[in-house]
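Heads up: the structure comes next, in structure tokens.
The values are calculated or read from the model by the stated rules, or taken from the named source; none is laboratory data. Since we're looking at a predicted model, the values are computed, not measured. Because the Cβ atoms are built from the backbone with ideal geometry, glycine has one as well, and the counts that use them run over all protein chains shown. Accessible surface is based on the protein model in full, side chains and every heavy atom, while ligands, DNA and RNA are left aside. Shrake-Rupley method; radii C 1.70, N 1.55, O 1.52, S 1.80 Å.
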2 protein chains.
Amino acid sequence: MDRNSISNQLIKNNIKPSYARIKIMEYLIQQKNHPNVDEIYTELVKDIPTLSKTTVYNTLNLFNEAGLIKVITIEENEARFDADTSEHGHFKCENCNKIYDFFVKLEGIEISGLENFKIRQKDIFFKGICAKCINYINNN
Amino acid sequence: MDRNSISNQLIKNNIKPSYARIKIMEYLIQQKNHPNVDEIYTELVKDIPTLSKTTVYNTLNLFNEAGLIKVITIEENEARFDADTSEHGHFKCENCNKIYDFFVKLEGIEISGLENFKIRQKDIFFKGICAKCINYINNN
DNA sequence: AATAAAAATGTAATTATTACAAATATGTAA
DNA sequence: TTACATATTTGTAATAATTACATTTTTATT
């Protein structure tokens with residue numbers, strides 16, 4: 001997704017495509033690394049020296065309210081962000097702290113207790129040890 | 001679960017069953033209301049006037065590390081706690097902010113991308129509007 | 001160029017959580 | 001019981017993520 005289509009996507013959602021907004025969305029789309037606010041800020045301030053953290057917060061909140069991104073609350077102390085709003089789960093490795101995406105098919109899943117509830121968002125968070133870390137631990 | 005069996009459960013997990021610890025666990029088991037730290041503290045300080053919030057934090061961390069409770073990170077700003085460690089999902093109503101338990105059968109769910117990963121914990125968080133609030137909104 | 005509206009900025013405030021040292025309580029051996 | 005070591009609790013201060021808000025800057029339009 002290039003800057004032009006990002007710009008169009010923002011306009012479609014009634015968000016004016018300012019430079020900072022485009023860069024933040026571009027970063028989320030390109031990196032796919034589920035960054036926290038600090039990582040986004042630290043990376044982008046290299047390109048936009050006047051960027052402030054408040055702008056990052058404002059922008060992410062704006063994107064979230066528009067449904068353009070998802071807030072990942074898999075960590076207990078900070079929010080992470082994901083521009084991929086399609087259905088997928090997140091796995092946090094408790095050894096290396098990396099967050100992985102995984103495919104999960106929720107359609108047809110057996111659920112009860114939410115009859116007549118309106119479900120707007122589904123978050124699937126798994127935690128454990130990733131394959132890389134298991135491998136490393138086993139060989140050391 | 002009475003205080004004696006709570007006490008035994010703690011001992012089994014190498015946690016000395018102090019008065020505060022038993023009361024905190026008892027509260028979690030009885031209330032089942034997914035309280036945050038402040039709610040636990042505010043309720044229990046009535047019975048234990050010397051209770052400090054730090055003790056509540058210490059105790060909950062201890063319980064969590066022992067696997068006796070689950071930390072619910074469905075909210076973006078605070079942790080909630082659940083003594084029910086059996087497999088179930090949590091639904092947060094964005095209107096009344098209540099957190100509901102629901103039954104979910106994860107066994108046999110279609111997943112890929114976590115081959116050779118060790119999964120230790122599975123959290124299912126849904127958000128939306130609960131039936132009560134939908135009903136209320138429709139009639140007003 | 002003037003103006004109005006929107007966006008970005010910087011600082012201060014808020015709030016959940018943790019760190020840590022001091023005080024208190026508990027259990028055990030003499 | 002008393003002395004002592006250990007564990008628990010407490011209170012305060014520090015940390016860190018997030019938000020509030022007023023000011024400044026940018027943008028778009030006339």
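Within the range B:26-50, residues that are touching a residue at least 60 places away in the same chain (Cβ under 8 Å) reach partners that are away from DNA strand C (no atom under 11 Å from the Cβ) and of a type in the set (D, E, K, R) with beta carbons closer than 6 Å, at six or more positions or on different chains, in the pairs B:H34/B:D82. When A:D101, A:D123 are checked against the criterion of being outside the structural domain of A:N14 (by TED's automatic domain parsing) and out of contact with any Phe, Trp or Tyr (no Cβ under 6 Å at 6 or more places or on another chain), a single residue qualifies: A:D101. Residues in the range B:35-59 that are under 21 Å from B:D82 (Cβ atoms), among the charged types (D, E, K, R) and away from DNA strand D (no atom under 12 Å from the Cβ): B:D38, B:E39, B:E43. Across the range A:13-29, the qualifying residues are those that are near DNA strand C (Cβ under 8 Å from one of its atoms) and part of a helix (DSSP H, G or I), and the one among them that is least open to solvent (accessible area, probe 1.4 Å) is A:A20.
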